[in-house]
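Let me begin by presenting the structure, written as structure tokens, before commenting on it.
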Amino acid sequence: MSEHAATHPAAPSVFWETRYQETGTVWSGRVNATTADVVRGLQPGRAVDLGCGEGGDAIWLAQQGWNVTGVDISPTAITRARTAAAAGPLPGTVRFDAVDLESWSDGEDDGDGYDLVSASFFHSPVALTRTSILRAAASRIVTDGHLLIVTHAAAPPWAPPETHRKHTFLTPDEEIAELGLDRDLWEVRISETRSRTTTGPDGEAATLDDGVVLLRRRRPFSP
Ligand SMILES: C[S@@+](CC[C@H](N)C(=O)[O-])C[C@H]1O[C@@H](n2cnc3c(N)ncnc32)[C@H](O)[C@@H]1O
């Protein structure tokens, strides 16, 4: 979905905090399978997970030896992520910040840059300047570092017809085009749709399509 797809009038901080507060746990707590499949091929380093929710991906990254910062707008999601991270020893480090990515800066760590910026299902039905946030995060990636974006490439089969009608799901190539990054600076390593099987809300077997974009930064930015 593009950043123009806001369908709900609530302020993002209110919408997402309410979403997390109104149920015990929103997500499975496990890493997203597609994200894990791609990251297994990368050398661990410093990572940031944008819109990390309850921390499933960030904690998995730390289990693989990455030093990770997870960032999400919802304090409740971040509290759950911190609790989950405290449950076991991690080879890497993980830190969680409750921050609106519209005005995000990671302060004193800023100069070091990231080996990986990961954004898994960083979609929102409320206002989100998603492309600007991804572009700003990409500018913090070091040479040979990666930007990984995993998206919904289509609505799930159980979604109501209006979801299929209302939302435009970007293809991975469209996602890359929307980012508008300098193609001399960025190598496209993956731009594809991957299907995975899951269980729907009524226990039915279902197939979901994930968009996968993996970009590698070839060299430092020129001044
Ligand atoms: C669809 S959820 C995905 C959560 C997680 N990445 C996952 O795959 O389970 C989108 C997440 O983005 C977060 N989010 C939305 N707008 C945000 C913003 N402006 N700044 C930070 N996080 C935001 C939400 O709170 C939510 O946790």
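Taken together, the values in this text are just the output of simple stated rules run on the coordinates, not laboratory data. What you see is a predicted model, and the numbers here were worked out from it, not measured in a lab. Ideal geometry is used to build each Cβ from the backbone, glycine not excepted, and the neighbour counts take in all protein chains shown.
Residues of the range 175-192 with backbone nitrogen within less than 15 Å of a virtual label 7 Å along the Cα-to-Cβ line of T143, please, listed as ranges.
185-187
In debye, nearest 20, what is the charge dipole magnitude of the range 1-98 about its Cα centre with +1 on Lys and Arg Cβ and -1 on Asp and Glu Cβ, if you could check?
Result for the range 1-98 is approximately 280 debye, rounded to the nearest 20.
For V99 and T18, calculate 0.36 nm times their separation in residues minus their Cα-Cα distance, and state this gained length in nm to one decimal. Each step should come with its number before you reach the end.
Working: separation 81, 0.36 × 81 = 29.16 nm, distance 1.56 nm.
Residue separation times 0.36 nm, minus the Cα-Cα distance, leaves 27.6 nm.
Summing -39500 (n - 2.57) over the DSSP H runs of n ≥ 4 in the chain and dividing by its residue number, what mean residue ellipticity at 222 nm do you reach, to the nearest 500 deg cm²/dmol? Walk me through the intermediate numbers first.
Working: 7 runs with 59 residues, N = 223.
After summing the helix terms and dividing by the residues of the chain, the value is -7500 deg cm²/dmol.
Top mean-square fluctuation among H164, H146, H123, Gaussian network model of the chain, C-alpha springs under 10 Å?
Fluctuation is largest for H164.
Set the Förster radius R0 to 41 Å, insert the Cβ-Cβ distance between R219 and W27 as r into 1/(1 + (r/R0)^6), and round the FRET efficiency to 0.05. Provide the component values of the computation, followed by the final result.
Working: r = 36 Å, r/R0 = 0.88.
Here the calculated transfer efficiency is 0.70.
Take the chain, connect every pair of alpha-carbon atoms lying under 10 Å apart with a spring to form a Gaussian network, then pick out the residue of R80, R130, R30 with the largest mean-square fluctuation.
Per the Cα network of the chain with a 10 Å cutoff, R30 tops the list.
Please report Rg over Rh for the range 12-217, where both radii come from the alpha carbon positions and Rh follows the Kirkwood definition. Walk me through the numbers before you get to the answer.
Details: Rg = 16.4 Å, Rh = 17.5 Å.
Dividing the radius of gyration by the Kirkwood radius yields 0.94.
Looking at the chain as a GNM with Cα springs under 10 Å, which of T198, T151, T129 has the largest mean-square fluctuation?
T198
Express the relative contact order of the chain as a whole percentage, based on alpha carbon pairs under 8 Å and six or more residues apart in sequence.
That works out to 20 percent.
Could you tell me whether the range 155-201 comes out rounded, prolate or oblate from its Cα gyration tensor? Rule is a ≥ b ≥ c as square roots of the eigenvalues, rounded for a/c under 1.5, then prolate if a/b exceeds b/c, otherwise oblate. Don't jump to the answer; show the numbers that get you there.
Working: a/c = 5.24, a/b = 1.94, b/c = 2.71.
Oblate, since a/c reaches 1.5 and b/c is not below a/b.
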